[in-house]
Amino acid sequence: MSKKLLSTTGIALAVALFLAVNIVSGTALRFLRVDLTENDLYTLSEGTKNILADLEEPITLRFYVSKDLIGELPQLVSYSKRVQELLEEYAAASSKLTVEVIEPDPYSEEEDRAVGFGLRSAQINTAGDRIFFGLAATNSVDDEQTIPFFDTRREEFLEYDITEIVHNLSLSKRPVVGILSTLPLRGFTPDPRQRPQRWVILQQIEQVFDIRHLEPGAMAEVPEEIDVLMIVHPKSFSNATLFAIDQFVLGGGNVLAFVDGFCEADPEAARSQNPMMANRRSQFDTLLATWGLELEQSKLAGDLQSAMRVGLQGGAVDFPLYMMLRKERLAAADFVTGDLAVIAMRSPGILESLGLEGVTVEPLITTSTESMAIDTFRMQFQPDPEGILNDFVPSGRELTLAVRVNGILHTAFPDGDPSKPIPEPESAEADDSEAGDDSENTDDSEDGDDTENTDDSEAGDDTENTEDSEDGDDTENTEDSEDADEAEPAEEWLTESAEPANLIVVADADMLQDAVWARVSNFLGAIMISPIADNGDFVVNALDNLCGSNDLISLRSRGQYQRPFDKKIELEREADAKYREEETLLEAELRETERKLNELQSEGADSPGLLILTPEQQAEIANFREAQAETRKKLRKVKNDLRKDIESLGSSLKFANIGLIPILILLGGIVVVSTRARRRK
């Protein structure tokens, strides 16, 4: 008897110890946990860790959450917990970062401060109660960045959104975007008395970034202040400009490029004497090839599934070259396109990956499989939407319209700046020449050209019989010259990127035009803009992403905290199918009963003489009403049975996933203890 009591007492103590250890560890070891989630939801990415490690000034993250009221929205309860725990991971990773969790009560100073930061509240019930669920971040100079309200639809981008805020607050100035464009983004008017109307896309960019407009014909190098270079319809760029872009990318600069196979907005073609014969294709193949891309020659992308309807004299038809690309055609896992709904494009080109080693090309925007590569000449002369539609044959493959490029790139100019003459090899008669020029009897020759008997030239070429030469040129018979045998070092250029380059290339420049993605109107002198597509958000997202460090750009979307029971959903479908047929029959029977009942009741109303129903009619109506009530009762029972079965399935699965394992362990312990007790007897 004492042994049984001892065994029972031991089991009870084991259970009590198990519960005590769980309670104590949940408090004392709160920050010592292992992330066992499938997508490492609570583990910070390496990019985030690098950004936090580089923080030099303190940053405070204030998490405003109405915990008392948020319980009325079950979908936000678990998400708010995830947000708070992820913010605690940020605080643990950097001593420069502080996290404050604030519960703003109604009409309190905390609520006023949350409103002052620009956080939004949401009404959750008819009583007018409102909740806060946002983030306000500040740095040492009181710069502010906010997430007004955490949207569950952006759950996969939660880490990126928080890390972007931290990164932006660590910068001392707004990012600078250099725009290199042949399209008139700043507007154009032939009348100098009129003010040109800037494109809407430019106005949106200026709200977020500092802009520097660069001239393609005069740019020999990209200014050092430029963080991201935005290139629009590159055409007739000088070799010096192309070389400057090449060196900018290899030096760690990021690029957003809009190229086009047929740019309808090309101003050069519009000014041509024969616009129909003008070349509207971007001229950027040399650099695209070194980036691992090719813009298909003489082909445009058409998509029947995304085609817009255009008006013709005979009516409206779907025009496959004019597209409204919906969410399923946009990369869901990329921060640039993940939260966009639709992108509008006109006669876009087709991008192909060349498969360069070490270069990754990820599609951002694609057509559907109902696509076709259409000859450019179908747009070159008189576009025929109806003819193009009639000749359309789906290819069965997706065509790529925009990509992200990442990897180690090589220069497109292995011999250096092509705008400068190639130095000739050194000759035996040259004495310590700088650039290999064999010149005689020259004075201060300019730019290293081979000249004879020239005076007052600069740039330090090899000369003879010169006096007071500048820039340390090697000369003969000069006075007061030192180190005559030392040559000036040759010009150097980058041949390979030291770090992986980050580029976004889009095969359509027309998508930036106002008419493609927005409706602009003048209301009482005020310009009203009504977007019909997310082209503006796409450009701002892309620039915002590329303006970040490589660590920020390297972040990828994470999984969702809320994951459905797949098996439960499958069983729900089976149960639903089981009851759906019976429900359909009962509903049809109910409708037939109600129809007959209405007919009988209307007989008296339609016939003046039949103001009083006969006993037979009254009995028949009573029978129909009784049948109607019985049918409705059966229908309610079917629906209740369906709901109960679904709830039962869910409860069983939750029990199996959550409670079954501990119970099995407990039973196993009891069996072990009992077995040992029997052996001792």
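Summary table below
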{"read-out": "Test: residue in the stretch 317-327 that is out of contact with any strand residue (DSSP E or B) (no Cβ under 8 Å at 6 or more places or on another chain) and modelled with pLDDT of 95 or more", "value": "no"}
{"read-out": "Neighbours by Cβ (under 6 Å, 6+ apart or cross-chain): first from the stretch 59-83, among the acidic types (Asp, Glu); second surrounded by fewer than 19 Cβ atoms within 10 Å (Cβ to Cβ)", "value": "Glu72/Ile124"}
{"read-out": "Pair list, Cβ < 9 Å and 6+ apart or interchain, from the stretch 93-118 residues that are farther than 17 Å from Leu135 by Cα to residues that are among the β-branched types (Val, Ile, Thr) and in a loop (DSSP other than H, G, I, E, B)", "value": "none"}
{"read-out": "Ile124 farther than 30 Å from Ser549 by Cα, in contact with a helix residue (DSSP H, G or I) (Cβ under 8 Å, 6 or more places away or on another chain) and crowded, with 21+ Cβ neighbours inside 10 Å", "value": "no"}
{"read-out": "2 or more residues of a type in the set (Gly, Ala, Ser) and within 30 Å of Ser172 (Cβ to Cβ): qualifying helices (runs of 4 or more DSSP H) within the stretch 51-121", "value": "74-93, 109-117"}
{"read-out": "Contacts under 7 angstrom Cβ, first residue in the stretch 291-304 being assigned to a strand (DSSP E or B), partner of a type in the set (Phe, Trp, Tyr), 6 or more apart", "value": "Leu300/Phe262; Gly302/Phe392"}
{"read-out": "Residue match in the stretch 260-267 (condition: within 28 Å of the chain's Cα centre (by Cα) and under 30 Å from Pro500 (Cα atoms))", "value": "yes"}
{"read-out": "Filter result (under 11 Å from Ala507 (Cα atoms) and among the acidic types (Asp, Glu)) within the stretch 249-301", "value": "Asp260, Glu294, Glu296"}
{"read-out": "Only listed residue being of a type in the set (Gly, Ala, Ser) and over 26 Å from the mean Cα position of the chain (by Cα), chosen from Gly358, Gly349, Gly387", "value": "Gly387"}
{"read-out": "Flag for Ala136 being surrounded by 17 or more Cβ atoms within 10 Å (Cβ to Cβ) and outside any loop (DSSP other than H, G, I, E, B)", "value": "yes"}
{"read-out": "Qualifying positions in the stretch 483-502 - modelled with pLDDT of 55 or more, under 13 Å from Asp415 (Cα atoms) and of a type in the set (A, V, I, L, M)", "value": "Leu494"}
{"read-out": "Inter-residue pairs, beta-carbon under 9 Å, first under 8 Å from Ile179 (Cα atoms) and without any contact (Cβ under 8 Å) to a residue 40 or more places away in the chain and in the stretch 209-232, second of a type in the set (D, E, K, R) and assigned to a loop (DSSP other than H, G, I, E, B), 6+ apart", "value": "Arg212/Glu225; His213/Arg186"}
{"read-out": "Residue in the stretch 124-131 that is closer than 18 Å to Leu171 by Cα, touching a residue at least 60 places away in the same chain (Cβ under 8 Å) and aliphatic (A, V, I, L, M) present", "value": "no"}
{"read-out": "Scope the stretch 387-405; condition surrounded by fewer than 19 Cβ atoms within 10 Å (Cβ to Cβ), in contact with a Ser or Thr (Cβ under 7 Å, 6 or more places away or on another chain) and not hydroxyl-bearing (Ser, Thr, Tyr); matching residues", "value": "Pro394, Gly396, Arg397, Glu398"}
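Yes or no, residue by residue, for (1) among the charged types (D, E, K, R); (2) exposed (fewer than 13 other Cβ atoms within 10 Å of the Cβ); (3) closer than 27 Å to Leu552 by Cα:
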position: Glu57; (1), (2), (3): yes, yes, yes
position: Lys81; (1), (2), (3): yes, no, yes
position: Glu89; (1), (2), (3): yes, no, yes
position: Val99; (1), (2), (3): no, no, yes
position: Gly116; (1), (2), (3): no, yes, no
position: Leu119; (1), (2), (3): no, no, yes
position: Gln145; (1), (2), (3): no, no, yes
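The values are calculated or read from the model by the stated rules, or taken from the named source; none is laboratory data. Just so you know, these numbers come straight off a predicted model, no measurement behind them. Cβ: placed from backbone, ideal geometry, glycine included. Neighbour counts: every protein chain shown.
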